[in-house]
1. Can you tell which of Asn201, Val267, Leu67 lies farthest toward the positive end of the dipole of the chain, using +1 and -1 charges on the Cβ of basic and acidic side chains (Lys, Arg; Asp, Glu)?
2. How far apart, in nanometres, would the label points at Asp426 and Asp264 be if each is projected 7 angstrom from Cα along the Cα-to-Cβ direction?
3. Determine the distance separating the Cα centre of the stretch 462-521 from the Cα centre of the stretch 84-163; give it in Å without decimals.
4. Considering amide H positions built from the backbone, and no H for Pro or chain starts, which residues 5 or more places from Val237, or on another chain, come under 5 Å of its amide H?
5. Once you have a ≥ b ≥ c as the square roots of the Cα gyration tensor eigenvalues for the chain, tell me rounded if a/c is under 1.5, and otherwise prolate or oblate according to whether a/b is larger than b/c.
6. Which longest run of the chain has no exposed loop site in it, a site being chymotrypsin sites (Phe, Trp or Tyr not before Pro) in a DSSP loop with at most 10 other beta carbons within 10 Å, and the site itself not part of the run?
7. Between Ala104 and Lys518, what FRET efficiency follows from the Cβ-Cβ distance if R0 is 60 Å, with the result rounded to 0.05?
8. With a 1.4 Å probe and every protein chain kept in, tell me what percent of the accessible surface of the stretch 438-497 is carbon plus sulfur.
Amino acid sequence: MTEHDPNRSSGADPAALVEPLDEHNRRLLDNVHPSDWVDPEPAERYHLVVLGAGTAGLVTAAGAAGLGARVALVERHLMGGDCLNSGCVPSKAIIRAARAWHDARGAAERFGGPRAEGPGDFAAVMRRMRELRADISRHDSARRFRDLGVDVFIGEGRLVAADAVEVNGKELRFRRAAIATGSRALVPPIPGLAECDFLTNESIFELTELPGTLGILGAGPIGVELAQTFARLGSRVVLIDLADQVLVREDAEAAGIVQRALVDDGVELRLGRGLARVAGDADGTLLHLEAADAESGDGESPIRVDRLLVAVGRTPNTEKLGLDGAGVAYDRNGIEVDDRLRTTNPKIYAVGDVASRFKFTHMADALARIAIQNALFFGRAKASDLVVPWCTYSSPEIAHVGLYESDAAERGLEVDTVTIQMADVDRAVLDGDTSGFLRVVVERGKDRILGATLVAEHAGDVIGELSLAITHGIGLGDIAATIHPYPTQAEVIKKAGDTWRRGKLTPRVKKLFEIFFKVFS
């Protein structure tokens with residue numbers, strides 16, 4: 001199913017919600033969009049009405065209800081939102097499968113293991129993903145949230161007043177509301193694209209057959225992760241982006257390592273080029289790249305792909321919410337909020353992708369906690385105080401937190417950097433995963449960590465220590481004084497601390513030590 005409609009049907013037909021309609025997806029739907037669901041009778045007035053049951057909405061609703069508030073939660077599509085249904089959960093399931101296939105192919109050469117042959121079973125990969133997603137979906141289910149004390153309404157919710165939402169013909173009056181409707185794939189205005197059967201992150205996980213050739217438009221995190229994954233699963237993958245490198249927002253050296261890994265995995269890169277037009281026919285889709293030389297008009301033969309994935313960014317879900325009538329300001333970037341997540345209607349807050357430039361599940365969770373404090377308890381928590389890590393789950397992964405060197409320069413901060421190569425970390429050597437490095441940005445003259453970038457296998461699992469350090473003002477000196485288990489990849493952080501400490505040993509300090517040891521020799 002191609003996602004052309006930003007509001008995929010919330011009607012009774014299960015096939016309009018998710019494909020294929022096998023036992024696992026039926027179980028998923030029974031949890032996150034049950035066909036026999038009966039809406040409760042609305043309370044006279046709710047302390048909080050939440051629109052959208054993705055991560056931000058679920059955390060907001062559960063947290064508020066757990067504190068004793070009367071809470072209503074409205075979802076028009078699938079509870080769990082993008083993360084459960086078409087983002088983090090399904091993508092990481094197939095990324096893990098692709099990594100296993102890749103490791104199996106290299107086992108003989110790298111580790112003297114058995115030789116793996118054959119194309120593998122793509123249908124089994126996707127079936128496993130659907131099974132695991134259905135297992136996890138119970139945490140986001142309508143029944144679970146009902147049992148938590150939340151009134152769950154499955155249907156199209158719309159603001160009909162400054163303090164009221166209408167859903168399925170029922171009015172939900174509120175003291176406060178939180179809009180958490182998330183975002184969807186941005187579809188660029190490329191000639192011919194709208195007429196083609198393209199994929200987005202929502203529909204690609206509905207595939208049951210491996211595309212022979214997969215074109216991917218966009219070399220951001222989603223495009224990079226899925227390009228490498230499908231190449232490892234056996235597709236010919238062509239990755240296209242206007243930028244001259246993949247992951248253009250990341251440290252250039254870090255992105256370069258991932259780019260080389262993509263090429264090693266067989267991904268064909270078409271960088272610095274956009275799509276001029278797209279044309280579909282019975283044999284697939286023809287991708288016409290923009291001319292390499294704009295003056296001469298010289299181009300190249302169109303690229304024929306079996307399927308095309310569009311992954312050029314996200315756009316907020318603000319349609320059909322009645323925002324104008326409720327006095328809630330918004331634009332193409334989402335709903336306008338202040339630092340405490342309050343919209344231009346003081347009764348209404350907005351959280352998650354619909355109101356944040358950080359479109360991450362963990363950020364949606366963090367913002368939801370701020371919204372609960374500020375909306376219900378006159379809190380003063382600020383979104384700007386959050387330290388935000390993120391990770392692209394390629395091989396190797398890129399994880400980052402805090403400031404880049406360029407960010408610090410823009411703020412007028414003088415910095416030093418400490419860089420440790422993964423090739424100098426024993427566990428990385430033993431694992432055979434030495435591509436990458438850790439780079440820590442430290443304010444000059446102070447033991448204050450401003451930011452860090454880590455390129456390594458499982459970098460996302462390691463970056464949390466540095467997120468903790470920045471959040472609570474823990475310096476590299478304190479990290480160096482902390483015992484880390486050996487051998488682990490996380491030891492790279494301790495090595496950074498040791499290196500920073502050695503940098504404090506100035507010639508003057510060394511001279512003083514020489515005098516000391518002469519006296520006490």
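1. The residue sitting farthest along the positive end of the dipole is Leu67.
2. Those two pseudo-labels are separated by 2.4 nm.
3. Value for the Cα centre distance between the two parts: 40 Å.
4. Hits under the 5 Å cutoff: Leu214, Glu268.
5. Because a/c hits 1.5 or more and a/b fails to exceed b/c, the chain counts as oblate.
6. 1-377
7. 0.50
8. About 54 percent, which is the carbon plus sulfur part of the accessible surface.
The values are calculated or read from the model by the stated rules, or taken from the named source; none is laboratory data. Computed from a prediction, not measured in an experiment: that's the story for all the values here. With ideal geometry, Cβ positions are generated from the backbone for all residues, glycine too; neighbour counts draw on all protein chains shown. The area values use the complete protein model at the heavy-atom level, side chains included, leaving out ligands, DNA and RNA. Shrake-Rupley method; radii C 1.70, N 1.55, O 1.52, S 1.80 Å.
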